[in-house]
Amino acid sequence: MINTTAIKNNKKISYYLDKEKYTLFIADSQKLILNRTTNEIDSSLYFELNKTIPAIYTIKENNLSLNIDIRTNKIEIDNNYIKIAYTVIDSDINYEYYIEMSECI
């Protein structure tokens with residue numbers, strides 16, 4: 001478990017983790033976009049329940065883009081957390097992205 005501070009603004013959550021910037025956009029209860037930016041790469045993962053959508057990874061140095069098919073198996077959005085279960089189709093590996101939220105005092 002990693003603990004970090006994020007900024008939530010309407011339907012957008014942004015945070016930094018190990019010099020990587022993450023931004024999660026919540027389009028609605030069944031559609032989300034996760035952008036990750038580093039000095040080396042930009043990536044965009046598109047999550048839509050029960051759909052397979054290509055994630056886009058761009059390697060900045062070579063301006064090379066790769067598409068990796070992602071199937072979204074589960075999306076749960078609550079006041080205190082967001083949970084996304086997905087499969088990378090090419091490797092047939094399952095992942096879970098989980099954010100637990102609370103207000104800082």
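Below is a table of values for the structure above.
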read-out	value
Proximal lysines relative to Lys51, as straight alpha-carbon distance under 17 Å, when same-chain residues fewer than 8 apart are discounted	Lys31, Lys74, Lys83
Stretch gain in nm, segment Ile89-Ile7, where the contour uses 0.36 nm per residue and the Cα spacing is subtracted	26.4 nm
Segment 10-79 - Rg over Rh from alpha carbon coordinates, Kirkwood radius	1.00
Accessible-area order (highest first, 1.4 angstrom probe) of the listed residues Glu100, Glu61, Glu48	Glu61, Glu100, Glu48
Mean projected area in nm² (Cα convex hull; one quarter of hull surface) for segment 65-105	4.1
Contact order normalised by residue count of segment 46-94, Cα under 8 Å, 6+ apart, percent	30
FRET efficiency estimate (nearest 0.05) - Cβ-Cβ, Ser14 to Glu40, R0 25 angstrom	0.80
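The values are calculated or read from the model by the stated rules, or taken from the named source; none is laboratory data. Small disclaimer: the values here were computed from a predicted structure and weren't measured. Heads up, the Cβs are rebuilt from the backbone with ideal geometry, glycines too, and the neighbour counts pull from every protein chain shown. All accessible areas refer to the heavy atoms of the entire protein, side chains included, with ligands and DNA or RNA removed. Shrake-Rupley method; radii C 1.70, N 1.55, O 1.52, S 1.80 Å.
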